[in-house]
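Trainee: Can you read through this structure? Questions will come right after.
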């Protein structure tokens, strides 16, 4: 059985402000801590034996993982750079307003989802997709993974064989556990 239980980190201060974090960080809000606690309790309640606990090395995912692991019986966390959020380069840490002000017109014609890949020095969708695909191909056993909003869209899209547009339009709530199993994706917990 090669099941993945995919979690997004809890809400952060910058999430609440509408600021894109990318490779930068901000701490969890009180809501984010509660989201992580609820996910930890739900994972514990599944009564499963987990083979791996793999976490993005960024601070917000580490903070979420620490809370989740304190409530669920998980193996020691392994940090994996491939689970890190997509970098927008110089746009990391900015809001849409900031980007529009500093790069007028660059986001014109963008959808709510494809703008992430219009940064002049950020990661490309193809590179991010390959990172997700390689990570998925290595999974064995039952894995809990803590990652990020945009990257979790790409992971689920790669797993399901979705187009770029379909993958980028997937929902990314911070209080859901997604189960990837036998080619299907379903929520096993929604807060």
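Trainee: Take the conditions touching a strand residue (DSSP E or B) at 6+ places or on another chain (Cβ under 6 Å), within 16 Å of residue 147 (Cα to Cα) and buried (at least 21 other Cβ atoms within 10 Å of the Cβ) and apply them to residue 60. Does it pass?
Mentor: For residue 60, the condition - touching a strand residue (DSSP E or B) at 6+ places or on another chain (Cβ under 6 Å), within 16 Å of residue 147 (Cα to Cα) and buried (at least 21 other Cβ atoms within 10 Å of the Cβ) - is met.
Trainee: Mind checking which pairs have a first residue in segment 175-189 that is over 17 Å from residue 157 (Cβ atoms) and a second that is modelled with pLDDT under 95 and surrounded by fewer than 20 Cβ atoms within 10 Å (Cβ to Cβ), Cβ under 6 Å, 6 or more apart or different chains?
Mentor: Close Cβ pairs (under 6 Å, with a partner that is modelled with pLDDT under 95 and surrounded by fewer than 20 Cβ atoms within 10 Å (Cβ to Cβ)) amount to 175/191; 177/188; 177/189.
Trainee: Still on this structure: Just one of (1) surrounded by fewer than 21 Cβ atoms within 10 Å (Cβ to Cβ); (2) part of a helix (DSSP H, G or I) trips up residue 150, so point out which.
Mentor: It is condition (1) that residue 150 fails.
Trainee: Next question, about the same structure. Looking at segment 15-57, which of its residues are assigned to a loop (DSSP other than H, G, I, E, B) and buried (at least 23 other Cβ atoms within 10 Å of the Cβ)? Spell out how you get there, then give the answer.
Mentor: First pass over segment 15-57, keeping only residues assigned to a loop (DSSP other than H, G, I, E, B): 18-27, 29, 46-51, 56-57.
Within segment 15-57, 20, 21, 22, 56 meet the criteria.
Trainee: Continuing with this model, one more query. Would you say residue 106 is in contact with a helix residue (DSSP H, G or I) (Cβ under 7 Å, 6 or more places away or on another chain) and over 28 Å from residue 39 (Cα atoms)?
Mentor: Yes; evaluated as a whole, the condition is true for this residue.
Trainee: Name the one entry in 71, 94 that is farther than 19 Å from residue 177 by Cα, surrounded by 15 or more Cβ atoms within 10 Å (Cβ to Cβ) and out of contact with any strand residue (DSSP E or B) (no Cβ under 9 Å at 6 or more places or on another chain).
Mentor: One residue alone meets the criteria, 94.
Trainee: Moving to a separate point now. Tell me, please, whether a residue that is closer than 22 Å to residue 81 by Cα, in contact with a strand residue (DSSP E or B) (Cβ under 6 Å, 6 or more places away or on another chain) and part of a helix (DSSP H, G or I) can be found in segment 178-188.
Mentor: no
Trainee: Quick test of your reading of the structure: residue 65 fulfils all but one of (1) surrounded by fewer than 21 Cβ atoms within 10 Å (Cβ to Cβ); (2) under 22 Å from residue 187 (Cα atoms). Name the failing condition by number.
Mentor: In the conditions (1) surrounded by fewer than 21 Cβ atoms within 10 Å (Cβ to Cβ); (2) under 22 Å from residue 187 (Cα atoms), residue 65 misses (1) alone.
Trainee: Being touching a residue at least 40 places away in the same chain (Cβ under 8 Å), crowded, with 20+ Cβ neighbours inside 10 Å, under 17 Å from the mean Cα position of the chain (by Cα) and not in a strand (DSSP E or B) is true for just one of 85, 123. Which residue is that?
Mentor: One residue alone meets the criteria, 85.
The values are calculated or read from the model by the stated rules, or taken from the named source; none is laboratory data. Treat the numbers as computed from the prediction; the structure is a model and nothing was measured. Here the Cβ is made from the backbone with ideal geometry for all residues, glycine too, and neighbour counts use every protein chain on show.
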